[in-house]
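As structure tokens, the structure follows; a few thoughts come after it.
The values are calculated or read from the model by the stated rules, or taken from the named source; none is laboratory data. If you're wondering where the values come from, they're calculated on a predicted model, not measured in any experiment. Please note: Cβ atoms are built from the backbone with ideal geometry, for glycine as well, and neighbour counts cover all protein chains shown.
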Amino acid sequence: MGRRVKITLLLAPALLVVSVLFAGGLSAAVVQSLGYLPAIGRTEVSLDAYREVLGSRDFLDSLLLTVYVAGASTGISTVLAVLSALALRNSAGRLSAAIFQLPVTIPHLVAAVGIALVVSQTGLGARVAAALGLIGEPSEFPALLFDRHSIGIILTYVWKEVPFITLVALAALRGVAAELEEVAQTLGANRWQRFWYVVFPVIAPGVVAASLIVFAFTFGAFEVPYLLGQTYPTILPVMAYNEYRSIDLSSRPAAMAINVLIALITALFAAAYLRLGRGLGRG
């Protein structure tokens, strides 16, 4: 029995469960988004929900906000993660693990509550700034929660996702990249040349894959924006949830249509992102 066959058989139970749950949920969402709801007497299939959603100004505003939050969170996290990995690659393994693995284990909901306690106008940051004389009173602290720029949401995602991408980059830096960089240094390459022509192409595939996971997660995440986001516009998962929890079951197709569109948009961004990553790796 070949190695690939053994690996496939070992992963088959987990892959089967994930595939059934994902495919089943997505299939149910697609069916309901087409207006098929026998429970309320709807048995005809149509694209009315998609026309309603795509023609709505609320959907466009939510889509732009979602892309902004996911893109900003992913971009900032990726840059900070690469810089952190470069700074910590020569440090002891226990130190980097203690610093960067702790946030990974904390649920996003708990992280959102922690960020709220620190950056709110009645939180720790405002009180410290007032005590230091930087502001007159805590209420003068900048509004970083429920704001139009979604700063609180982005801060939460950055705090959570930087360690994840950093660990991926560190694994590559402490492997082949370190050896290749030493060779380049002996050949006279300066620090920037070693990073751009030697280190970056080696770590790019892993960093791109990790940041893609971060983007896909933040694009479809619900709990942090629901807790820290503004009431309008909301990001797409919150918009879908608000439609789904309506007591009027006729709103269900619109909610499912939003969920299907989230999956499609994420897939399109993932394809473009992976293509960009392959180009960077070759470069």
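For the residues LEU180, LEU212, the requirement of being more than 27 Å from VAL67 (Cα to Cα) and modelled with pLDDT of 70 or more singles out LEU180.
Where residues in segment 140-174 are assigned to a loop (DSSP other than H, G, I, E, B) and aromatic (Phe, Trp, Tyr), which of them is nearest to the chain's Cα centre (by Cα)?
PHE146
The lone criterion from (1) surrounded by fewer than 20 Cβ atoms within 10 Å (Cβ to Cβ); (2) modelled with pLDDT of 85 or more left unmet by ALA189 is number (2). So which residues in segment 15-68 are in a helix (DSSP H, G or I), in contact with a Leu (Cβ under 6 Å, 6 or more places away or on another chain) and loosely packed, with under 14 Cβ neighbours inside 10 Å, if there are any at all? ILE40 - this is the single residue of segment 15-68 that is in a helix (DSSP H, G or I), in contact with a Leu (Cβ under 6 Å, 6 or more places away or on another chain) and loosely packed, with under 14 Cβ neighbours inside 10 Å. Just one residue in the set ARG148, ARG94 is modelled with pLDDT under 80 and basic (Lys, Arg); that residue is ARG94.
Just one of the listed residues (ALA267, ALA240, ALA210, ALA204) is buried (at least 16 other Cβ atoms within 10 Å of the Cβ) and within 21 Å of ALA28 (Cβ to Cβ), and it is ALA240. Applying the set (1) within 26 Å of TYR68 (Cβ to Cβ); (2) assigned to a loop (DSSP other than H, G, I, E, B) to ALA189 leaves exactly one unmet item: (1). Of the candidates ALA210, ALA184, ALA221, ALA204, the single residue that is touching a Pro at 6+ places or on another chain (Cβ under 9 Å) and in contact (Cβ under 8 Å) with a residue 12 or more places away in the chain is ALA221.
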